[in-house]
1. Is it the case that some residue within segment 161-171 is within 28 Å of Ala44 (Cβ to Cβ) and under 17 Å from the mean Cα position of the chain (by Cα)?
2. In the list Arg143, Arg173, which residue meets the criterion of being among the basic types (Lys, Arg) and crowded, with 21+ Cβ neighbours inside 10 Å?
3. Could you please tell me which pairs satisfy a Cβ distance under 6 Å, a separation of 6+ or placement on different chains, a first residue in segment 110-129 that is part of a loop (DSSP other than H, G, I, E, B) and open to solvent by 10 Å² or more (accessible area, probe 1.4 Å), and a second residue that is at pLDDT below 95 and of a type in the set (Asp, Glu)?
4. Every residue in segment 111-124 that is over 12 Å from the mean Cα position of the chain (by Cα) and on the phi < 0 side of the Ramachandran plot, please.
5. Since Ala103 meets every condition but one in (1) within 13 Å of the chain's Cα centre (by Cα); (2) part of a helix (DSSP H, G or I); (3) in contact (Cβ under 8 Å) with a residue 60 or more places away in the chain; (4) over 22 Å from Ser18 (Cα atoms), which condition does it not meet?
6. Within segment 67-82, is there a residue that is of a type in the set (Asp, Glu), under 19 Å from Ala103 (Cβ atoms) and under 16 Å from the mean Cα position of the chain (by Cα)?
7. Going by the structure shown, is Leu152 among the aliphatic types (A, V, I, L, M) and within 21 Å of Leu53 (Cα to Cα)?
8. For segment 130-148, which residues satisfy the criterion of being in a loop (DSSP other than H, G, I, E, B) and within 12 Å of the chain's Cα centre (by Cα)?
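The values are calculated or read from the model by the stated rules, or taken from the named source; none is laboratory data. Computed from a predicted structure; not experimentally measured. Note: ideal-geometry Cβ built from the backbone for every residue, glycine included; neighbour counts use all protein chains shown. Each accessible area value is taken on the protein alone, full model and side chains, heavy atoms only, with ligands, DNA and RNA left out. Shrake-Rupley method; radii C 1.70, N 1.55, O 1.52, S 1.80 Å.
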Amino acid sequence: GAAVMTGCTPLDTTTVYSPQGTTTTIIMVRHAERDEGLDPPLNAEGLVRAQALADELQDAGVTAIYYPDFIRNVQTAEPLAELSDPTIRVITQLESADTKALANRFVDEVLADFAGGVVLWIGNTGPFIEGVQEGNLQEIYYRLGGTGDPPLAYADFTTFVLHDDAPPTITTRTYGGPSSLD
């Protein structure tokens, strides 16, 4: 039988501030396009989008890239990582399972280790468990104070600017053109 998850971590909903004297930027995107399967690589369209992400961010001063340990996330990060040599933080698939705990830990770690920097989260729309949790993109978006629709489409590009004295400024746009999978 399937195990039932109980006692899941609650999502911290307190307003996120950058440490005193700093402004921290967190950019959120979904991994690029891939074919179906358990842990598929990017398809041709996804490889083009991963390069578009690198082109978009090569001069943005990205200090760290975080992503769960799935081939599609790794490959989405690779072009930018090669251009800008940021710190890479890979989240294990086990750590990715409890997305609310992951969201809390990610925000705490970014503020502790990369305050004043620019951090990219390359996320996923799952694992989704009805009534319990949403995917890491959704939970991190909500943890940072996002309202409305999280960046779930392949072309979505959401930026949170964390201030030391005001709630986050949130901007959403698209990059790399429309996706055949959205």
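1. No; the residues of segment 161-171 include none that is within 28 Å of Ala44 (Cβ to Cβ) and under 17 Å from the mean Cα position of the chain (by Cα).
2. On inspection, the qualifying residue turns out to be Arg143.
3. Phe128/Glu134
4. Leu111, Ala112, Asp113, Phe114, Ala115, Gly117, Val118
5. The number of the failed condition is (4).
6. yes
7. yes
8. Within segment 130-148, Gly135, Leu144 qualify.
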